[in-house]
Amino acid sequence: MSIILHHHPLTRARHVVWMLEEVGVDYTLNFLDLMQGEGRSAEHLQRNRMGKLPTLEDQGVFVSEASAIGMYLADRYALGHLAPAFDDPLRGPYLRWCVFGPSVVEPGCMAKAADWPCSPQRVGWGAYDDMVATLEGAIGEGPWLFGERFTMADVLLGGTIRWMLKFKMLQGSNDILRSYGARLGERDASKRAEAINQKVCVDRGLPTG
Ligand SMILES: N[C@@H](CCC(=O)N[C@@H](CS)C(=O)NCC(=O)O)C(=O)O
């Protein structure tokens, strides 16, 4: 039974297509028309009570939360390659960067864009400028988070960075972030994923680009 990705190309599920392409496993896409309420159908709520995408189905088991999906796929299908092995000293930093997108970058960018009144000491994502400096310091010259070693953390964090740059929610002097995003977009798996997502957009009459 192949993996099923419950998907819509204009959601975080588009990044999971990239994850799957990097891992190189067989999978099928199940498009859910969110505008027609399919995310809230009884069938989908059984898979994910939040009614959210992405949701991955593997041998009858459901995994949601984009970061968890990436970590799951790398551990299960690419351990020692896209995920450092359990006894690899890089395992800790790897896990940190796998969750840094949804736990720090997403809320940090959202807080800044929406001008949420919040104290950096009290919120888990801290100060926006610290977050940008932390990202820039981690990526540095690259090409990837761990130098020449590409991992699922690059897909997870890089996907978030690219998304935030695209929607101008990550701003400031961030040439390092822009060139990292551009390098990620040049990967074969990233290009294949882009083509797959674009095709779904065209087939479903959704905006592309
Ligand atoms: N924390 C989740 C967020 C998932 C999420 O918010 N997905 C959005 C699309 S990007 C969604 O399904 N929205 C439809 C809805 O909430 O009804 C993750 O990281 O995967």
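Odds and ends about this structure:
- What the Cα convex hull of segment 114-209 gives, in volume per residue, is 127 Å³.
- Whole-number percent relative contact order across the chain, with pairs defined as alpha carbons under 8 Å at least 6 apart: 22 percent
- A straight line joining the Cα centroids of segment 59-97 and segment 153-188 runs 21 Å.
- With only the Cα atoms considered, segment 1-129 has a convex hull volume of 141 Å³ per residue.
- Across the accessible surface of segment 91-187, with the other protein chains kept in place and a 1.4 Å probe, carbon and sulfur atoms take up 54 percent.
- Value of [θ]222 nm, deg cm²/dmol, for the chain, DSSP H segments ≥ 4, -39500 (n - 2.57) each, nearest 500: -15000 deg cm²/dmol
- The value of relative contact order for segment 91-187, using C-alpha pairs under 8 Å at least six residues apart, is 34 percent.
- Å² per residue, accessible surface of the chain at 1.4 Å: 51 Å²
- Within the straight-line cut-off of under 17 Å between alpha carbons, the aspartates and glutamates reachable from K112 are D129, D130, sequence neighbours fewer than 8 places apart in one chain being disregarded.
- Antiparallel %, DSSP beta bridges [both residues in the chain], to 5: 60 percent
The values are calculated or read from the model by the stated rules, or taken from the named source; none is laboratory data. Since this is a predicted model, take the numbers as computed values, not measurements. We work out accessible area using only protein heavy atoms, side chains counted, and drop any ligands, DNA or RNA first. Shrake-Rupley method; radii C 1.70, N 1.55, O 1.52, S 1.80 Å.
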